[in-house]
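Enquirer: Before I ask anything, here is the structure I am working with.
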Amino acid sequence: MKISYSSAVAAAAADDVSLSLDYGKLFRRLDAEVRDLGKQGAPGHAMVNVDGTQRDEILVNDLAQDVRLVASVVTHCGLDLLDETAAGIRRMAHLHVQTVEQTTSSTSISTSSSRFPINGDYGRCEVWLHLPKALLRAEGGLRYRSVTVWGYKQSEEEEFSEQAVVESGRRCPVVLEEEFRIEGIRCHCILGVNSHERVEKQAVIISLVFEGPGQLAWGSTVIDTYQAMTRAVAEKVEETSFQTVEALATFIARIATVDFSNERVTVTVEKPSALSFVERSGVEITRSQAFFEKA
């Protein structure tokens, strides 16, 4: 998990721990929230995409089946702590400025940076989740990454005010990016041009990556298909006989996009036994449904 905020400069310049995030508190909150998953309703109810809409199917999915719901809990913990820290610093700064103004008649010393070392209107949380046992046919399991920032729902006639928007509840977490990785699908197939490669099957290691804008239909397609898709890739590859790794990678991309309706996939195929002094050699390609429709 990585949290970006404005600004870490204040804590560094003043060497003051109160101007930074309490990482121990963040860990304890994460630990408690993850343990209580599923006990407090749908955790992804407030997550939206860049258009301000959300996928209804996410709200009814089972936590055990949709990794995006777990990521939303982690994201909320990070952004909520950022909010609490920013609010606490604003209160401290306000009291400090009042005290200074009461004890001195000099020109006001407060600026936006001195009043608010952490700016509450900006927060970015990047979350990585690894489910090592999510897939029986993938040694590396399933990995998920999301990038979420604060967004604002504002009508055209409304004058922008961070405090007013936050108080009215029109601020919401916006999922900018999502990525799913299925790593380590190990298969054995005929692959290569050498005489011994045409006789004996050899191991190949396959990885699939799906990425794009957050909270859109393509992500739900991945969630709905990744189990069956991984099994299909593993079973069909073991029946193949290609001379080039590029042809095998394209064959796998067709399965992911055409057979399972995913919009785009990046396929990596590696041969562990191809070279004597190299751990693996391989090829990576990115293909879309449109690529195969035009072919």
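The values are calculated or read from the model by the stated rules, or taken from the named source; none is laboratory data. Note that the structure is predicted; figures quoted are calculated from it, not measured. Because the Cβ atoms are built from the backbone with ideal geometry, glycine has one as well, and the counts that use them run over all protein chains shown.
Enquirer: Determine the pairs where a residue that is under 13 Å from Ile205 (Cβ atoms), located within region 233-247, has a partner that is assigned to a helix (DSSP H, G or I) with Cβ atoms under 6 Å apart, the partner being 6 or more residues away or on another chain.
Expert: Here the result reads Val233/Ile252; Val233/Ile255, each pair linking region 233-247 to a residue that is assigned to a helix (DSSP H, G or I).
Enquirer: Can you tell me which residues in region 256-278 are buried (at least 19 other Cβ atoms within 10 Å of the Cβ) and in a helix (DSSP H, G or I)?
Expert: Once the filter is applied, which keeps residues that are buried (at least 19 other Cβ atoms within 10 Å of the Cβ) and in a helix (DSSP H, G or I), region 256-278 yields Ala256, Thr257.
Enquirer: Among the residues of region 245-288, which ones are modelled with pLDDT under 95 and either farther than 24 Å from His196 by Cβ or among the hydroxyl-bearing types (Ser, Thr, Tyr) (or both)?
Expert: Ser273, Ser276, Ser281
Enquirer: In region 224-244, what residues are surrounded by fewer than 21 Cβ atoms within 10 Å (Cβ to Cβ), of a type outside the set (D, E, K, R) and in a helix (DSSP H, G or I)?
Expert: Those that are surrounded by fewer than 21 Cβ atoms within 10 Å (Cβ to Cβ), of a type outside the set (D, E, K, R) and in a helix (DSSP H, G or I): Thr225, Gln227, Ala228, Ala232, Ala234.
Enquirer: Looking only at residues in region 66-93 that are surrounded by fewer than 21 Cβ atoms within 10 Å (Cβ to Cβ), charged (D, E, K, R) and touching a strand residue (DSSP E or B) at 6+ places or on another chain (Cβ under 9 Å), which one is modelled with the lowest pLDDT?
Expert: Arg90
Enquirer: State whether one or more residues within region 205-212 are in contact with a Cys (Cβ under 6 Å, 6 or more places away or on another chain), touching a residue at least 60 places away in the same chain (Cβ under 8 Å) and closer than 25 Å to Ala134 by Cβ.
Expert: no
Enquirer: Further question: Does Val209 satisfy the criteria of being under 26 Å from the mean Cα position of the chain (by Cα) and at pLDDT 95 or above?
Expert: yes
Enquirer: Which condition does Ala232 not pass, out of (1) touching a strand residue (DSSP E or B) at 6+ places or on another chain (Cβ under 9 Å); (2) aliphatic (A, V, I, L, M); (3) closer than 23 Å to Glu293 by Cβ, if it passes all the others?
Expert: Checking Ala232 against (1) touching a strand residue (DSSP E or B) at 6+ places or on another chain (Cβ under 9 Å); (2) aliphatic (A, V, I, L, M); (3) closer than 23 Å to Glu293 by Cβ, the one that fails is (1).
Enquirer: May I pose another question? Take Glu238 and decide whether it is among the acidic types (Asp, Glu), modelled with pLDDT of 95 or more and either in contact with a Ser or Thr (Cβ under 9 Å, 6 or more places away or on another chain) or closer than 30 Å to Val50 by Cα (or both).
Expert: no
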